[in-house]
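The values are calculated or read from the model by the stated rules, or taken from the named source; none is laboratory data. Bear in mind that the values here come from a model prediction, so they are computed numbers and not experimental data. All Cβ positions, even for glycine, are placed from backbone atoms using ideal geometry, and neighbour counts span all protein chains on display.
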Amino acid sequence: MTVTTTAVEILRRLPMPDRRSELAAMVSEQFRGVLLMDEDERLEPTESVFALGMSSVLLVQAQERLSNLFGVDLSSAVLFNSCTVQQVTQYLAGEVLADLFTDERPVRRAAPKARTRLLWDDVLGRVYLDAA
């Protein structure tokens, strides 16, 4: 029995800054495979796959390949509206695989209203005193 590493596991093991480019490479590879592109042919991230000959039948194949690759159910309608590698990558990173792309740095919280109010009262009081 062989153990395979899923695409999600590969992404999870990468440092956060490298994940998006690897995801884009994975998406590009699936589109290139469906479009029967040669290894030396480049698929620009912003180029519409429909301009390269993607049909609705091929789009369903791409949807199935991406769904299998990431172990999720992707909507072919979303892929139809996201017709570039860049758009599909953004969709996957922002919605489908968002937990892999969440920045884990602490979120800076706004100052509580009472402290903000005191700060403004202090600033305005100084401005008023300086003007007098």
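Restricting attention to the stretch 82-101, the residues that are assigned to a helix (DSSP H, G or I), of a type in the set (S, T, N, Q) and in contact with a Phe, Trp or Tyr (Cβ under 9 Å, 6 or more places away or on another chain) total 0.
Entry remark, the stretch 20-46: residues being surrounded by fewer than 16 Cβ atoms within 10 Å (Cβ to Cβ) and of a type in the set (S, T, N, Q) number 2 in total. Only residues that are assigned to a loop (DSSP other than H, G, I, E, B) and modelled with pLDDT of 90 or more: list them for the stretch 7-39, please. Leu14, Pro15, Leu35, Leu36, Met37, Asp38 - these are the residues of the stretch 7-39 that are assigned to a loop (DSSP other than H, G, I, E, B) and modelled with pLDDT of 90 or more.
The residues of the stretch 47-78 that are farther than 18 Å from Gln90 by Cβ, of a type in the set (D, E, K, R) and either assigned to a loop (DSSP other than H, G, I, E, B) or at pLDDT below 90 (or both) amount to a single one, Asp73. Taking residues in the stretch 70-85 that are closer than 10 Å to Val49 by Cα and free of Cβ contacts under 8 Å to residues at least 60 places away in the same chain, and partners anywhere that are of a type outside the set (Ser, Thr, Tyr) and in a loop (DSSP other than H, G, I, E, B), the pairs with Cβ atoms closer than 6 Å and at least 6 places apart or on different chains are Cys83/Val49; Cys83/Phe50.
Restricting the stretch 39-55 to residues that are among the polar types (S, T, N, Q) and in contact (Cβ under 8 Å) with a residue 24 or more places away in the chain, which is nearest to Glu22 (Cα to Cα)? So that I can check it myself, show each step before the final result.
Our first condition is that a residue be among the polar types (S, T, N, Q); within the stretch 39-55, this holds for 46, 48, 55.
Okay, now just the ones that are also in contact (Cβ under 8 Å) with a residue 24 or more places away in the chain, so 46, 48.
Working: Thr46: 16, Ser48: 20 Å.
For the stretch 39-55, the residue satisfying everything is Thr46.
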